1. Output the direction-averaged projected area (hull surface divided by four) of the convex hull of the alpha-carbon atoms of region B:39-114, in nm².
2. Picking from B:148, B:103, B:22, which is most flexible by a Gaussian network model of chain B using Cα springs under 10 Å?
3. Could you pull out the chymotrypsin sites (Phe, Trp or Tyr not before Pro) across region B:1-101 that fall in loop regions by DSSP (anything but H, G, I, E, B) with no more than 16 other Cβ atoms inside 10 Å?
4. Kindly state, to the nearest 0.05, the FRET efficiency for residue A:253 paired with residue A:85, given R0 = 35 Å and r defined as their beta-carbon distance.
5. Extending each Cα 7 Å along its Cβ direction at residue A:264 and residue A:10, get the distance between those two points in nm, one decimal.
6. Could you grab the relative contact order for region B:1-124? Cα pairs under 8 Å, six or more apart, rounded to a whole percent.
7. Please express the Cα-Cα pair-distance distribution P(r) of region A:149-192 as a list of whole percents, one per 5 Å bin, running from 0 to the bin with the greatest distance.
8. Please give the charge dipole size of region B:1-142, origin at the Cα centre, charges +1 on K and R Cβ atoms and -1 on D and E Cβ atoms. Round to the nearest 20 debye.
Amino acid sequence: MQGKKYVIGLALLAVLVLLNLPIPATARLKRGVRDGIAPFQNLSFFLFHGLGEAVASPGESRTSRTEKQQRIEQVANLQHEVRDLRRLERDNDELRKLLEYRDRQKYRLILCEVIARGDASGWWQTLTLNRGSDDGLEPGSAVVTPEGLIGRTQEISRRTSDVLLITDPNCRVSCELATHGAYGILKGKETVLTTPTRMEMFTPLQPCQMDYIDKDKPAVPGEDVLTSGLGGLFPKGLPVGKISRVQIDESKLYLRAEVTPSARLGALRYVFVVLQAPSTGEIRIE
Amino acid sequence: MSWVVLVMVILGGTVLQTLLPALHLLADSKLPILPGIVIYYALTRHSGYALTAGLLAGFLQDAVSPIPMGLSTLTFCLLAWVTGRFRNLVMPDSMLPPMLFGAVGGAATTLLLYILLVRHQPSSWPAGWVATKILGTGLLGIFCTPMAFLTVGWLDRKLGNVAAKEGPLISDLVE
């Protein structure tokens, strides 16, 4: 009986200590555990995916897979160059009209592989990437695919990073409409697209939601939504999605639009973390 | 050896819980593997094992997710302590107690975690989604906890941590 009381007392003490740990200590502890578990996550993900790929394409060799990965990087590189050129053209037109100087920032893209989908608890819509602070990643960086924005880095350890997806209700992105430049705040609705499970067939895909759009600036379905750069987290001009539906908010003060993300969040394998780099006149992928 | 099995099983359970996808239809509910393991130790071992399992499982879940440190630990320790109080009342060879405790434990831990999370940060989760998640985790616990009992129980018997004839569950069926 005495022993039981000691055990309960010790457990209570451990819980109290954990609850009251200072934030830097908590962060160090979490980073240490994640780095410890990362090799098992990598191995398990490699086994799951390797098995799946071996079954799906038994004749595919290691060389083909390497070539495939290189082609993915090339396509991403080219798509970002095209996007950047279009933005340059738009900027050029504005500069000619306004005769203002604008400093253009160039970005560094770091290629990462997704090793886990969703956090262990299921409360957040996240991904885990196989790179961390050792590769230069920082919290609060935008994460993109060639199709568009998917989220931002949240917690970083030395070898892994967590990405909070734009479909999570806790993720907010300052956006603008491509055509009219109206601003709004994008946030996730309560569902979705982290995993390509069969269950998704039975539920309608609910997109993100963009609030506080000026009701005097027309927003139409099919219009592109881009990051505005105003929040300080996401660089300007990254594609986010397309408007699927527009309605007036209950308060009648602004418009609300449902946005379908451009990126295929249910089938993510390789993503890019965007880091701001000194201007070198080109986009570099590492 | 039992302690080694406990640590390895919880580590493996954490990796598995992270890797397995959430069920979109049940408000992104995850298979409650860690609560299932905690319930196993609470119903088949003394309180030292149960609380250690709760501590370790909660600590690891907090570490690999954005949950503030200590919340899952508190939740799983409570689960271990409350479940342990019924240890002597459950039928040792029946599948019913793991299913029942899995359902109630899964739902209760989700609810408690939600209450603790909203105290730490403003909630962006709609009430309907949270309710579906609580029910969904309970439903998944009905299937997941008996699987945890079978797996960990088999491991314990193979490594000699428990005698085969005194195995916690359906030992006749397995052997």
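No value in this document is a laboratory result; all are computed from the given coordinates. Note that this is a predicted model, so its numbers are computed, not measured. All Cβ positions, even for glycine, are placed from backbone atoms using ideal geometry, and neighbour counts span all protein chains on display.
1. 4.7 nm²
2. B:22
3. Loop-located and lightly packed - B:86.
4. 0.40
5. The answer from the label model is 5.2 nm.
6. Taking the mean separation of contacting Cα pairs over the length of region B:1-124, I get 23 percent.
7. Calculated P(r), rounded to whole percents: 6, 20, 22, 19, 16, 10, 4, 2, 1.
8. About 180 debye.
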